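Report on the structure given below.
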Amino acid sequence: KQLIQGLLTLVVVAGAGLTVVALLTSAADAFSVWILNNSLDCTIAAGDGTCFGQSMFQLLSLTSGTTGGLGAVLAIILGVFAVFAALAQVVLMIVRAGALVILAGMLPITAAASLTDPQRTMFRKTCAWLLGFILYKPAAAIVYAAAFRLTGTDLFGDDGLVTVLTGLALMVLALV
């Protein structure tokens with residue numbers, strides 16, 4: 001029974017594994033663009049990041065009168081923190097692209113190795129990591145969309161500091 005199950009896993013993964021990974025990645029990326037388009041006042045064009053950049057600038061704009069009497073030192077500290085968070089997001093997206101290629105290449109190998117019990121765990125972990133990297137971009141897009149929507153609302157009255165701090169907290173959450 002174990003041998004038949006392992007052989008069927010190998011045949012399915014070798015035959016359709018990369019196609020399923022490509023379809024899931026395309027669907028996740030399309031969902032990410034869709035959710036960001038619906039959260040912004042403009043449309044993200046293919047390859048044009050100005051809309052997202054303008055929205056990030058608006059999110060981090062601490063001098064637009066929404067923060068009340070926020071001090072310059074706090075604005076600088078939050079700005080530096082936001083720059084590092086954005087750089088970490090860029091690095092994570094680059095790592096995601098490389099990890100998807102490596103894990104998709106490992107998928108048939110781990111499926112072939114899943115004929116034995118100890119190696120079946122390796123196949124499950126490879127599938128879990130692959131699914132995690134596929135779903136990372138939509139998860140980050142949902143968090144950014146929530147941050148963009150929250151900055152457009154009057155969260156707790158006239159004091160916009162809570163809104164800005166909530167947006168920054170959501171950016172940090174996207175890193176986690």
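Applying the selection to the range 5-24, what residues are small (Gly, Ala, Ser) and open to solvent by 50 Å² or more (accessible area, probe 1.4 Å)?
Restricting attention to the range 5-24, the residues satisfying the condition of being small (Gly, Ala, Ser) are 6, 14-17, 22.
Those that are small (Gly, Ala, Ser) and open to solvent by 50 Å² or more (accessible area, probe 1.4 Å): 14, 15, 22.
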(Q) All but one of (1) at pLDDT 65 or above; (2) hydroxyl-bearing (Ser, Thr, Tyr); (3) in a loop (DSSP other than H, G, I, E, B) hold for residue 153; state the number of the condition that does not hold. (A) (1)
Q: Mind counting the residues in the range 136-149 that are open to solvent by 50 Å² or more (accessible area, probe 1.4 Å) and over 18 Å from residue 88 (Cβ atoms)?
A: 1
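The values are calculated or read from the model by the stated rules, or taken from the named source; none is laboratory data. Since this is a predicted model, take the numbers as computed values, not measurements. Note that we place each Cβ from the backbone using ideal geometry, even for glycine, and neighbour counts take in every protein chain shown. To get the accessible areas, we keep the full protein, side chains included, count just its heavy atoms, and leave off ligands, DNA and RNA. Shrake-Rupley method; radii C 1.70, N 1.55, O 1.52, S 1.80 Å.
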